[in-house]
1. If you go through segment 434-459, how many residues are among the acidic types (Asp, Glu) and either at positive phi or buried (at least 22 other Cβ atoms within 10 Å of the Cβ) (or both)?
2. Here are Thr211, Thr178: which of them is outside any loop (DSSP other than H, G, I, E, B) and closer than 30 Å to Glu159 by Cβ?
3. What residue, among those in segment 428-472 that are more than 8 Å from the ligand (Cβ to nearest atom) and among the small types (Gly, Ala, Ser), is farthest from Leu394 (Cα to Cα)?
4. Quick one: Leu166 ticks every box in (1) in a helix (DSSP H, G or I); (2) in contact with an Asp or Glu (Cβ under 9 Å, 6 or more places away or on another chain); (3) surrounded by fewer than 16 Cβ atoms within 10 Å (Cβ to Cβ) except a single one, so which number is it?
5. Cβ contacts < 6 Å: first residue closer than 21 Å to Glu426 by Cα and touching a residue at least 12 places away in the same chain (Cβ under 8 Å), restricted to segment 368-396; second residue within 11 Å of the ligand (Cβ to nearest atom) and aromatic (Phe, Trp, Tyr), any location; separation 6+ or different chain. Result?
6. Starting from segment 481-504, keep only residues that are farther than 19 Å from Gly411 by Cβ, then list their pairs with residues that are aliphatic (A, V, I, L, M) and surrounded by 11 or more Cβ atoms within 10 Å (Cβ to Cβ) whose Cβ atoms are within a distance under 6 Å, requiring at least 6 positions of separation or different chains.
7. Would you check if there is a residue in segment 216-232 being within 30 Å of Val334 (Cβ to Cβ), touching a residue at least 60 places away in the same chain (Cβ under 8 Å) and surrounded by 12 or more Cβ atoms within 10 Å (Cβ to Cβ)?
8. Among what's in segment 12-30 and is among the polar types (S, T, N, Q) and either closer than 17 Å to Phe41 by Cβ or in contact with a Pro (Cβ under 7 Å, 6 or more places away or on another chain) (or both), pick the residue that is surrounded by the most Cβ atoms within 10 Å (Cβ to Cβ).
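Derivation of every value follows stated rules applied to the coordinates shown; laboratory data play no part. All figures in this text were calculated on a predicted structure; none of them were measured in a lab. Don't worry about glycine lacking a Cβ; one is built from the backbone with ideal geometry, like all the others, and counts go over all protein chains shown.
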Amino acid sequence: MQLPGTQVSVLEAASATDAKSVSALADELGAKPETVVGAVFELQDRGLLTVEERTEERVELTGEGEGYVESGLPEVRLYRAAVEAGATAEPVSMGQVIGASGLEGGAVDIALANYARKGYGQIDSGELTANPDADPDADGEATVLAALADGGVDAADIEASVREQLVSRDLVSVSESTERLVTLTDAGVTALMEGVEESETVGQLTPELLTSGEWQDVEFAEYNVEADAETRYGGKKHILRQTADRVKDTLVGMGFQEMEGPHADAEFWINDCLFMPQDHPARTHWDQFALDVPPMQDLPEDLVARVEDAHRNGVGPDGDGYHSPWTEDVARGVDLRGHTTSLSMRYLSGHAVGELEPPQRYFSVEKVYRNDTLDATHLLEFFQIEGWVMAEDLSVRDLMGTFTEFYEQFGITDLQFKPHYNPYTEPSFELFGEHPETGEIVEIGNSGIFREEVLRPLGVDCDVMAWGLALERLLMLTHGFEDIRDVHGTLVDLDFLRTEEVVH
Ligand code: PHE
């Protein structure tokens with residue numbers, strides 16, 4: 001019988017009496033497991049081998065589990081301290097026992113949560129009793145942890161209820177692996193006895209085979225499209241970047257052009273142009289990141305004068321300014337932008353690309369930086385979807401219509417609008433969407449129509465409606481994340497990054 005080379009080696013290495021695993025065969029032959037699997041399946045098809053699949057479970061200690069092997073389970077430590085303190089005879093104050101146990105921080109909660117469950121005693125109104133019949137040395141969970149640390153127990157030998165507890169407490173992790181065990185069939189033995197030779201099959205067509213014309217005479221190996229292959233993870237765009245790209249496509253499709261500009265910018269562009277008084281609470285270091293760099297020199301003088309005038313005197317005959325200090329020094333200070341509305345100011349003023357005539361539509365999907373407290377919905381930096389439309393006679397309806405059209409493309413059709421206040425827009429409103437998992441109403445953006453006090457100094461004499469939307473919040477609504485840190489930063493699940501796609 002003639003067989004391709006790998007199949008011959010696998011057949012010769014296999015045994016009729018002693019089942020061998022694919023990984024053992026691969027080791028023995030110095031071949032890759034996926035190559036051996038391919039050959040094994042071919043040989044199985046020819047009836048020369050049998051393959052038995054066996055799924056094995058492995059139970060391993062987690063870091064926390066290992067820690068308790070050293071120090072003892074928190075509830076066991078609590079019990080020993082309670083016995084020591086005489087709690088087998090009468091209730092003892094919880095504080096006293098905890099103090100004596102040496103437990104600290106989260107370990108205290110863990111001890112208390114497991115104490116009564118495991119029959120070590122009762123906890124009632126700040127006092128603790130210890131069950132004289134409990135035996136901490138026979139603690140089922142501790143015993144399994146110790147056995148695992150000692151070099152392992154068979155997953156099958158761990159009592160189901162104990163295992164369930166250990167898994168839910170995150171003290172052990174369970175993983176599965178599939179082994180394929182290979183045995184020679186009678187036909188395989190016969191074939192080997194009669195003699196098996198390596199056939200000259202060619203696995204890959206090469207330029208040499210083509211130029212020499214040899215390809216006409218050789219026998220090509222057949223592809224086995226069912227063979228197991230190693231999963232390969234190539235480079236891939238991060239889901240957040242995919243979403244940003246999709247937002248860009250969507251806005252370009254709606255007729256918008258993209259804005260660009262600096263992440264670190266003069267307060268002038270970030271705040272002053274937006275008619276934000278210099279003593280506004282949002283302009284303190286509590287909210288924004290000021291940079292210790294020289295002040296920005298390059299500001300358009302005329303515009304600075306007009307903005308200062310708007311702040312001091314207001315705009316129009318009935319206008320009124322802020323009766324608070326305004327200095328150019330503050331305006332020239334450089335900050336990390338807290339919103340990309342700084343870009344809108346650069347473009348609307350004509351500073352970025354020259355004077356703009358209505359109608360115009362511009363957007364950016366860029367990072368902004370805020371000195372927020374990190375939590376499930378706030379990051380210190382995030383992506384803002386900035387945008388504005390410049391046209392005659394715009395109204396809130398135009399703004400709502402634009403949002404409805406934009407969010408519809410992401411399957412979000414239940415927008416809610418709430419009146420809001422911004423120093424730079426009037427009217428203003430915030431946008432909300434419903435979280436697909438929790439049903440909670442999540443704020444996803446802020447918007448409005450720019451005030452005269454903003455537009456006049458910029459030299460714009462038609463209407464401008466504008467917004468800043470949070471890209472991460474959009475992703476929370478489309479994918480059902482409850483914590484923004486699930487998509488941003490070091491806690492993001494690797495598997496998720498590998499497999500998740502943003503559908504177009
Ligand atoms: N700058 C606002 C924010 O960051 C968004 C916004 C932009 C609102 C333009 C109105 C107009 O929340």
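1. Result for segment 434-459: 1.
2. Thr178
3. Of everything passing the filter in segment 428-472, Gly439 is farthest from Leu394 (Cα to Cα).
4. Result: Leu166 passes all but (3).
5. Gly387/Trp467
6. From segment 481-504, the pairs are Asp483/Ala376; Ile484/Leu379; His488/Leu379.
7. Looking for residues that are within 30 Å of Val334 (Cβ to Cβ), touching a residue at least 60 places away in the same chain (Cβ under 8 Å) and surrounded by 12 or more Cβ atoms within 10 Å (Cβ to Cβ), one finds none in segment 216-232, hence no.
8. Ser21
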